[in-house]
Amino acid sequence: MLGGLIAVAIAVWFYRTAMAKGAEGFQWGLVGIITYYVPNFLWSVMVAKPVLVNLHKQTAPIKYSLWGYSSVFVGLAVVLTVWYLVLNRLKVAE
């Protein structure tokens, strides 16, 4: 649920930024969603899930809950990087 709400917020953010710069808002909204979900999914499957299995065996509930949201933070980090390096510096020819 949290990841979905964040994805919608990212899509709106990218859309509004692109529209303000005169670019295609819908396309940039999709770029924002993809930029969030791809690293989020890859981190979940390749890193977080194996760590969570080990933490579950150790019964470490605090660490378990933090690792559960780690994919959200990774997705956000990638989105912020793409926004800063690409969309923020976008120049659209008129």
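The numbers here are math on the coordinates, done by the rules we state, and not lab data. Quantities reported herein were computed from a predicted structural model and do not represent experimental measurements.
On a per residue basis, the convex hull of the C-alpha atoms belonging to the chain measures out at 82 Å³. Computed from Cα positions, the angle between helix 25-43 and the longest principal axis of the chain comes to roughly 20 degrees. Largest GNM mean-square fluctuation among Ala20, Ala48, Ala77, using the chain with Cα springs under 10 Å: Ala20.
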